[in-house]
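Since the structure comes first, as C-alpha cells, the remarks are kept for the end.
Bear in mind these aren't lab numbers, they're just calculated from the coordinates by the rules spelled out. These numbers come from a predicted model, not from an experiment. Positions of Cβ are generated from backbone atoms using ideal geometry, with glycine treated the same way; all protein chains shown enter the neighbour counts.
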Amino acid sequence: MHPASRRQIAQMLETFSLAPEVSAFDLGCLNHETGRMSFRKTWTAPEVRKAFGWLAARNATGSSCYIRPAEALGRTSWVLAGPLTRAGLGRLTAAPGMVVESSPGIFEAWLRLAAPVDAAARSAAARRFTREAGGDAGTVRAAQLGHLPGTTNRAPGAGGNGPAFFAALRSRSPSAVTPIPRAVEPFTGQRVELAAAGEEATGRRDDPDRSRRDFAIACRLLETGAGDHVIAATIAAARGFDPQCAGAYIPRTIRAARLHLQHKEG
C-alpha cells in the first residue's frame, strides 16, 4: 500500500479514536462482481494497520473498502451523513470531524456527537444531517460503512467517465464536536415510533403479506440496533395485538431476521 494511503487511513483512525469509547473498528470489502461483503470486525487500530496488505490486495482485485467504529461497541458518538454533494456539505449546520470524497464531487461527512448514543439515536442523527444537506436519508442507518480513504472506489461508474476513483480524506477537524439535537436524544423502547421505525423505514406499508411486512420491520430495526422488546412492540402495534399474546410468532420472526442479516454480512 502506498505511503500516502497508509497516512490517510492512520489519520482517520486517529480522529475516530478521539472519542474515548472508540477502541475498535469494523472493516468491509465489497466484491462488486458477486455483491458479497467480507467483514473483519472489532479490530483495534494496530490490527487495522497490520491489515494494510490485506486491504490493498482486496482493493487491487476489484473490491471497495469501507470502515466504521465497531458495531459491537454499542453506544458511540460518530455518525455518518451522506452521500452528499459539495453544496450539501455547505448546508450542514454542524462541522464534520472528517470529510471523505468517495467519488468525484460526492462526499461522506463523519460527525462526532457530544456524547455516545445508542444505534437508534445514531441512525436518527445520520438521517437528520443527511436530510439537512439535501441527501437521500432513506437508506441511512447507524451501521452504515464509510469509504476507506486511501483506497480505490471500485463501484461501477464511481469514477464517472474516467478511471476508478481514489477515495480521499479531504478534511479533518479533530476539535469539531456536535451537540446532540433534541430530536435525536437516545431512544427508548417507548419512543420508537411505528411510522418511522417500521412501516415507513421498510417501505412495506401497503404490503398485503403481513408476515413479510413483519419480517422487513424486524430486519430494519435490528439494523438500527433496536432490542427484541422494541421490535416485538413495533410488530404488535402494526398487527394490533398484545405482544404478550402473540405466542412464538414474534420471537420466531425476530430470529429469522437476525439470521438473515448475519448471512447477508457473511
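General observations
- Electrostatic dipole magnitude of segment 3-183 [Cβ: Lys, Arg +1; Asp, Glu -1; Cα centre; debye, to 20]: 80 debye
- Selection of chymotrypsin sites (Phe, Trp or Tyr not before Pro), segment 1-90, meeting DSSP coil and at most 12 other Cβ within 10 Å: none
- As a proxy for reagent exposure, ranking CYS65, CYS219 by other Cβ atoms within 10 Å from fewest up yields CYS219, CYS65.
- Paramagnetic reach from GLU33 (point 7 Å along Cα→Cβ, amide N under 16 Å) across segment 42-80: 57-64
- Taking every C-alpha pair closer than 8 Å and separated by at least 6 residues, the mean separation divided by the residue count of segment 7-64 gives a relative contact order of 33 percent.
- Remark: the ARG40-LEU261 segment gains 78.0 nm on full extension, using 0.36 nm per residue and subtracting the alpha carbon distance.
- Mean separation of Cα contacts under 8 Å (6+ apart) over length of segment 3-183, as relative contact order %: 25 percent
- Taking label points 7 Å from Cα along the Cα-to-Cβ direction, ALA10 and PHE52 give a separation of 0.7 nm.
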